[in-house]
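Worksheet: one structure, shown below.
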Amino acid sequence: MKIKKKRNARAPPSLSDVDDQSPTITKEVEDAMKENQNGNYTKALTLVEATLSQHPSSALALAALSFCHLKFVFSAEHSTTPVSSDDGLLQLAETFNHVKEAVDLSKRAVHLCPNSLACWFFHVNALFKLTEYDANAGHEPVIEACDAGLAIEFAPEDLATEPRIEEFRTCLRLIKLQSKYLIDTKYLENLKNEIQELQERKEEIEERAITANKNFETLELMPLPESKRKIKNLKKVVVLDVDTVERRVKTFWNDTMTMEQKKDLLRIQIEDLKLNFAKNKMAMEVMKQAVEYATGAKNWKFSCNAECCWCGERFFDAKLTGEHMNSVHLGTFSDELDSVRPEFLLDSLWDTVQSGKWKPVNVVEAKKMLEDLSRNEGGDKDFMKKKWPYCEDIRREEIIIEVRIKLRLLLIYKCFCSSHLSALMNLILEMLKKRVPEQLLMKYGIDHTLLSVCFLDISELNLVLEFLDDLANICGLRRLILSLEMEKAIGEHSVANNEKIVFNEDFSCVVFDKRMLRGELMVPNDGAAVTSSADDEIELNDDEYKDDILDWLLKGGTNIGEQLKQWTNLREASRSQGKELFKIYEAEFHRLLNICEKKVQYLRDIKVWQNLESICVKEDKRREEFGYEPLSYKYLLSNQRQIASTNGNIFELDILWNILREDHVDNEIKLWIEKQIDEMAAKLYKLDAIIRTATIIMDQTGRKINAVTNYDYRSILVPLLKSFMRAQLEELANKDAEKKYEAVEEALLSEFEDLDKKKKTDRGGGNARQGQGNSKEKNKKRDKINSLHEAHGGDILPNLEIVGPVAVDELGQDKWKLLPVECGGERSKNA
């Protein structure tokens, strides 16, 4: 952190109209502070309040009163009253009020006298105490207040005496360092809680989306409604039930319909569809949208997220929409932030973890092998290719297997980075070099392979296991695995199988796949909405045709209105859920951005520590030179503090002050620096774990947005097409039934006429009389036929067969003969 402008360059004047350095105010405040020192907190508080009542704009009185409230807090914290008791709870509430009063009073003091280090000191103490009582009060304001106080270098109006000023500075630096430590400690824990909370919200949104989809899909599986339908153009309108309609359609399909007619049924003209649904505005709108989308995207799969929820710009590709929202509305990572995002390791480690031999190694024998290799000049010196001296140690082998399993999981779910490998290998090497010389481990590459874990004993293996458990915990690996596997299961379960339909080249008609005629109702397809040369090349043989498509056409609900309504509801819910998920995606993006910024800060901090370490290392090397007069680390670091002061590096100044504030020998200083570097390295590898997790779940949110908002127009267009095709098929079947009915009617009339003629001839009746009675007699016969027709539920008379033509009448029309089935055997199929 750089100091851009020193606070004391032009110190703002005091806003107080009271002389805080007047003997009266100073004496009253000092008297109150003496009472505080004697433990008379109530009396001290009363005295300062009296002073403040007389001088309400006194910064000194406000700061002193803030301190008195804090004294009450310190006293209460040492109370023996159990917090769980009623008295304890009441005391806790009173203590919290004292803290809030202290913050408010000290804030007023620094406002009145911003140039007083003493006022900032009291304000910092009050803010720091607030973080202990209020979970929402972070340590960031504490650090800002510390920096404001430490930036004051010359303050003639300061309320503190010269000796106290340096004491206040020391306290502010210590509180600042402590606050930074607490922020870092809580940071990872807070991140895990945030991630878990957002994951739960995503799962709840996804469950609602799944329910909405199921409700829509269920409609297609509902049975046909118990309505009645009529055959058109029958001279006698006959009401038929559903079973009769389906039986009539199946009879027509099997006995009358040609293969060309069946193929034509799969080809639907868009204009015919529009005419059929002309009175259904919702159906017309769906078809319009489907044609528009298919024309642009050349695919049936669409996304409600194809429209930017911020600016309304539309895209035919959800991926393009995502790129637009990321670049235009969310923003992107800077090159610096993008460079600190860790790449996960897989290829370089997977073979070792998956295929390597993970068994306990006899370290004594292994050490001898390494020493022999080192002594012998000739021969193969590649220890990694030689047969290692394994040993039987059940407990060691069990732990090694556990280590291997955890490594495998971290790799599979992309949570293992180079910093993790480096930290793990450093841990193994530190333990292993106690028994095997480090030079040998490095010379033969054992310090670069995870198989070196096989050299460790039980206690050391447990430390490795503890390291991996800690890493898995930071990643939230267990919950991450559960979430990703659940997503996978939901994805596999919800894969929609849609019939293949395509538009022809000019989008004038939509065509079902020919293979449906041979029973392949669901053929593999990528959702393409436009015909291709591959579709034209499909050939079917006559013997391949099956009737599965007929069952498909007749099954399922026909309540198109309800399906369209549910489709609209589904899309509206999809848009809403997509926006909810995108808000989560936005939160995850900014969180990842924040984590990367934190890592950049840590990298800068560790560089400062490493620079201090290098000063000590260089001094160590110079001390090895003959005649060199050694310099103490403290002297060298004091010089570095002067340089840091010139550069304005606050962080370096703070840590140098912390190192130099006490008398340390060189070895203590060096160990302290190394410890800080190790702690920073641990923070960095933990941040890398969080970054990996944050990246994975952000990618998962993107997939969930696509899953929730992506749909297939075929899921509503196919029911519309089925409804139209079924109506067409029923119309054809009805016309065929009417034609057969008329044929039966004519055949019966002809039979009746022949019988009448025969009777009249036998009786010798006259022609004139016969002519007059013909018309009435025919009408009676028709009524009788219709009565018979109704008696059989509208079906063709079941016990009669039409045979013929047996002759040609005087007008050249075929004459048919009606015979009982028992006389003619089975019904003729061409009847």
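The values are calculated or read from the model by the stated rules, or taken from the named source; none is laboratory data. Small disclaimer: the values here were computed from a predicted structure and weren't measured. Please note: Cβ atoms are built from the backbone with ideal geometry, for glycine as well, and neighbour counts cover all protein chains shown. For accessibility, only protein heavy atoms count, side chains too; no ligands or nucleic acids. Shrake-Rupley method; radii C 1.70, N 1.55, O 1.52, S 1.80 Å.
Taking Ile399, is it surrounded by 13 or more Cβ atoms within 10 Å (Cβ to Cβ), of a type outside the set (Gly, Ala, Ser) and touching a Ser or Thr at 6+ places or on another chain (Cβ under 7 Å)? In short, no. With respect to the conditions (1) open to solvent by 40 Å² or more (accessible area, probe 1.4 Å); (2) in a helix (DSSP H, G or I); (3) modelled with pLDDT under 85, Glu487 lacks only one, and its number is (1).
Exactly one residue out of Leu172, Leu182 is modelled with pLDDT of 85 or more, buried (at least 19 other Cβ atoms within 10 Å of the Cβ) and assigned to a helix (DSSP H, G or I), and it is Leu172. State yes or no: is Glu365 open to solvent by 70 Å² or more (accessible area, probe 1.4 Å), more than 30 Å from Leu471 (Cβ to Cβ) and either in contact with a Cys (Cβ under 8 Å, 6 or more places away or on another chain) or in contact (Cβ under 8 Å) with a residue 24 or more places away in the chain (or both)? Answer is yes for this residue.
Scanning the stretch 410-419 for residues that are farther than 14 Å from Asp470 by Cα and among the hydrophobic types (A, V, I, L, M, F, W, C) gives Leu411, Ile412, Cys417. Within the stretch 614-639, the only residue that satisfies the criterion of being assigned to a loop (DSSP other than H, G, I, E, B), among the small types (Gly, Ala, Ser) and either out of contact with any Asp or Glu (no Cβ under 7 Å at 6 or more places or on another chain) or surrounded by fewer than 12 Cβ atoms within 10 Å (Cβ to Cβ) (or both) is Gly627.
Taken together, the criteria exclude Ile405 from residues that are more than 40 Å from the chain's Cα centre (by Cα), open to solvent by 60 Å² or more (accessible area, probe 1.4 Å) and without any contact (Cβ under 8 Å) to a residue 60 or more places away in the chain. Suppose the filter is surrounded by fewer than 17 Cβ atoms within 10 Å (Cβ to Cβ) and among the β-branched types (Val, Ile, Thr); does Thr51 pass it? For Thr51, the condition - surrounded by fewer than 17 Cβ atoms within 10 Å (Cβ to Cβ) and among the β-branched types (Val, Ile, Thr) - is not met.
Residues in the stretch 444-480 that are of a type in the set (S, T, N, Q) and in a helix (DSSP H, G or I): Ser452, Ser459, Asn462, Asn473. Taken residue by residue, the stretch 155-166 has no member that is at pLDDT 85 or above and either surrounded by fewer than 22 Cβ atoms within 10 Å (Cβ to Cβ) or on the phi > 0 side of the Ramachandran plot (or both).
Output yes when any residue across the stretch 32-41 is in a helix (DSSP H, G or I), at pLDDT below 85, out of contact with any Pro (no Cβ under 9 Å at 6 or more places or on another chain) and within 29 Å of Glu144 (Cα to Cα), and no when none is. Yes; the residues of the stretch 32-41 include at least one that is in a helix (DSSP H, G or I), at pLDDT below 85, out of contact with any Pro (no Cβ under 9 Å at 6 or more places or on another chain) and within 29 Å of Glu144 (Cα to Cα).
Might you let me know whether the stretch 422-431 holds any residue that is assigned to a loop (DSSP other than H, G, I, E, B), modelled with pLDDT under 95 and hydroxyl-bearing (Ser, Thr, Tyr)? Looking through the stretch 422-431, none of the residues is assigned to a loop (DSSP other than H, G, I, E, B), modelled with pLDDT under 95 and hydroxyl-bearing (Ser, Thr, Tyr). Could you look through the stretch 571-592, keep only residues that are open to solvent by less than 10 Å² (accessible area, probe 1.4 Å) and touching a strand residue (DSSP E or B) at 6+ places or on another chain (Cβ under 9 Å), and pick out the one that is farthest from Gln196 (Cα to Cα)? Ranking the candidates gives Ser574 first.
One line per residue, one yes/no per condition, for (1) at pLDDT 95 or above; (2) of a type outside the set (Gly, Ala, Ser); (3) in the same structural domain as Asp678 (by the TED database):
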site: Val363; (1), (2), (3): no, yes, no
site: Gly378; (1), (2), (3): no, no, no
site: Met384; (1), (2), (3): no, yes, no
site: Ile400; (1), (2), (3): yes, yes, no
site: Leu450; (1), (2), (3): no, yes, no
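Within the stretch 393-422, the set of residues being within 15 Å of Val353 (Cβ to Cβ) and basic (Lys, Arg) comprises Arg404, Lys406, Arg408, Lys414. Scanning the stretch 451-476 for residues being in contact with a helix residue (DSSP H, G or I) (Cβ under 8 Å, 6 or more places away or on another chain) and open to solvent by 10 Å² or more (accessible area, probe 1.4 Å) gives a total of 12.
Of the residues Leu60, Leu112, Leu89, Leu47, which is in contact with a Cys (Cβ under 9 Å, 6 or more places away or on another chain) and more than 21 Å from Ala148 (Cα to Cα)?
Unique residue meeting the criteria: Leu47.
Tallying residues that are touching a residue at least 24 places away in the same chain (Cβ under 8 Å) and under 18 Å from Cys596 (Cα atoms) within the stretch 339-352 yields 5. Evaluate the stretch 6-26: report whether one residue or more is assigned to a helix (DSSP H, G or I), open to solvent by less than 30 Å² (accessible area, probe 1.4 Å) and modelled with pLDDT of 65 or more. There is at least one residue in the stretch 6-26 that is assigned to a helix (DSSP H, G or I), open to solvent by less than 30 Å² (accessible area, probe 1.4 Å) and modelled with pLDDT of 65 or more.
Taking the criterion of being surrounded by fewer than 17 Cβ atoms within 10 Å (Cβ to Cβ) and either basic (Lys, Arg) or in contact with an Asp or Glu (Cβ under 7 Å, 6 or more places away or on another chain) (or both), the residues of the stretch 593-604 that qualify are Val600, Arg604. If the condition is being surrounded by fewer than 17 Cβ atoms within 10 Å (Cβ to Cβ) and touching a Leu at 6+ places or on another chain (Cβ under 8 Å), then the stretch 263-282 contributes Lys263, Asn280, Met282. Looking across the stretch 340-357 at every residue that is under 26 Å from the mean Cα position of the chain (by Cα) and surrounded by fewer than 11 Cβ atoms within 10 Å (Cβ to Cβ), the one that is farthest from Lys414 (Cα to Cα) is identified as Asp347. Going through the stretch 653-685 one residue at a time, which ones are under 35 Å from the mean Cα position of the chain (by Cα) and open to solvent by 60 Å² or more (accessible area, probe 1.4 Å)? Within the stretch 653-685, Asp678, Glu679 qualify. Open to solvent by less than 20 Å² (accessible area, probe 1.4 Å) and at pLDDT 85 or above, is that true of Val718? Judged against the criteria, Val718 is a match.
Being of a type in the set (Gly, Ala, Ser), closer than 28 Å to Leu471 by Cα, in a helix (DSSP H, G or I) and open to solvent by less than 60 Å² (accessible area, probe 1.4 Å): is that true of Ala644 here? Against the criterion (of a type in the set (Gly, Ala, Ser), closer than 28 Å to Leu471 by Cα, in a helix (DSSP H, G or I) and open to solvent by less than 60 Å² (accessible area, probe 1.4 Å)), Ala644 does not qualify.
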